[in-house]
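Asks: Below is a structure I'd like to ask you about.
The values are calculated or read from the model by the stated rules, or taken from the named source; none is laboratory data. Keep in mind it's a predicted model, so treat the numbers as computed, not measured. Cβ placement follows ideal geometry from the backbone for every residue including glycine, while neighbour counts extend to all protein chains displayed.
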Amino acid sequence: MSFPAEEPLVPVERTFEVEFLEEDLEEIRALMDEWSEGALAALVVESLSQFERDEASWKALETTSNLDTDFTGQELMRRETLALLISMRSRTVRTEMRMHELGIKVQALEARHAEKCREAETLHQATARLRRRRARIEEALRGVTPRPRASSPRSWLARFFTRGNV
Amino acid sequence: MSKERAALVFPALVRVWVRLNKPSLVRFEQFLKRMGWSDEDAVKILLAYALAVAKGSGLTPEQVRDELGAARAELATLRHRAFMADDTIRTLEMNITGFTAALDQFERSLPAMEEERAVLMSLTECLTAEAAGQGVEVTPDPPDPVTSHQSLLNFFRYQGNRPPTKK
């Protein structure tokens, strides 16, 4: 008994989400008779075949001619470079947009931070002012014979112990 | 820069969905494995490749050379811009982490400082009342000492048309 050869697990279908510059997508759209996910998929498959054919041509050219001057070689390089360029445009813009959004967020955080710093500084100054005032009053009071305070349970207890009752 | 302005500065981006069925997917995955590209990059490059092929029809050798040079130059510029943006994003993310941590710390420390001020205020009021009760005269508050650092800050605030720190 033999088992069938193991096939790689490939889902029935898969949807890819991609992003382009609007103007680039308009040009891609112009290549198709109709606009649908299926038509785009057909274009991907057709392009894949073209890419593989061009790859084979490139390999053949590598051994037979100077790629920097050969017209076919230059055309193949132009195709590849332009394809990379178009895919890179949207990615760069997306990254720059993210950078811009983060910049706005940082500005807002910086403003809040500056506000909190001012608040902390104000509190710090007020506390320092109160400490200085308290020290001055205490100093002034030290120069005067203290008047007995109104009895509080705590001061009564203190007097009780200082009189040698224990 | 506001969001409206950002919309004017950045070119519009559009998302599209490409659905590949099983036979296409098998071929596509083999291609991905061979090229070492990510799924989305591969779909984008292949769609763009179709456009690149279409744009090349009827070009003279000179035009091909010019187009190639222009595309290489733009690609180099884009790579530089993307690199700079990625670098700035890293810095901004670090700033966000730092500011967020500092603000969290303020959330904890400010109430404690406020409480300390309130306690001191109450204590000072009691002492003031006690001094008044004993007929002790307390000298009025002298102006707060201004350090040279604060003085310099005030100078720059003045230069920048900002109000100086009140003392």
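Asks: Which numbered condition in (1) over 26 Å from A:T95 (Cβ atoms); (2) touching a helix residue (DSSP H, G or I) at 6+ places or on another chain (Cβ under 7 Å); (3) more than 7 Å from every other protein chain (Cβ to nearest Cβ) is the only one that B:E62 fails?
Replies: Condition (2) is where B:E62 drops out.
Asks: Would you mention how many residues in the stretch A:18-48 are within 9 Å of chain B (Cβ to nearest Cβ), outside any loop (DSSP other than H, G, I, E, B) and farther than 20 Å from A:M88 by Cβ?
Replies: 6
Asks: Of all the helices (runs of 4 or more DSSP H) wholly in the stretch B:1-82, which have at least 2 residues that are under 14 Å from A:V45 (Cα atoms) and either of a type in the set (S, T, N, Q) or within 28 Å of the chain's Cα centre (by Cα) (or both)?
Replies: B:22-35
Asks: Inspect all residues belonging to the stretch A:95-111 and state whether any of them is among the β-branched types (V, I, T), closer than 28 Å to B:E67 by Cβ and either at pLDDT below 95 or touching a Lys or Arg at 6+ places or on another chain (Cβ under 7 Å) (or both).
Replies: no
Asks: Still on this structure, I have one more. Answer with yes or no whether A:K59 is assigned to a helix (DSSP H, G or I), at the interface with another protein chain (Cβ under 7 Å from one of its Cβ atoms) and free of Cβ contacts under 8 Å to residues at least 60 places away in the same chain.
Replies: no
Asks: Could you count how many residues in the stretch B:97-120 are surrounded by 15 or more Cβ atoms within 10 Å (Cβ to Cβ), farther than 11 Å from A:H113 by Cα and hydrophobic (A, V, I, L, M, F, W, C)?
Replies: Counting residues in the stretch B:97-120 that are surrounded by 15 or more Cβ atoms within 10 Å (Cβ to Cβ), farther than 11 Å from A:H113 by Cα and hydrophobic (A, V, I, L, M, F, W, C) gives 2.
Asks: Sticking with this structure for a sec: Looking at the stretch B:87-140 only, could you name the residues that are in a loop (DSSP other than H, G, I, E, B) and either under 45 Å from the mean Cα position of the chain (by Cα) or more than 9 Å from chain A (Cβ to nearest Cβ) (or both)?
Replies: B:P140
Asks: Using beta carbons and a limit of 8 Å, which pairs, at least six apart or on different chains, have the first residue in the stretch B:81-95 and of a type in the set (D, E) and the second one surrounded by 14 or more Cβ atoms within 10 Å (Cβ to Cβ) and part of a helix (DSSP H, G or I)?
Replies: Once the first residue is of a type in the set (D, E) and sits in the stretch B:81-95, its partners that are surrounded by 14 or more Cβ atoms within 10 Å (Cβ to Cβ) and part of a helix (DSSP H, G or I) give B:D86/A:T95; B:E93/A:L102.
Asks: Against the definition (at the interface with another protein chain (Cβ under 9 Å from one of its Cβ atoms) and modelled with pLDDT of 95 or more), how does B:A76 come out, yes or no?
Replies: The answer is no for B:A76.
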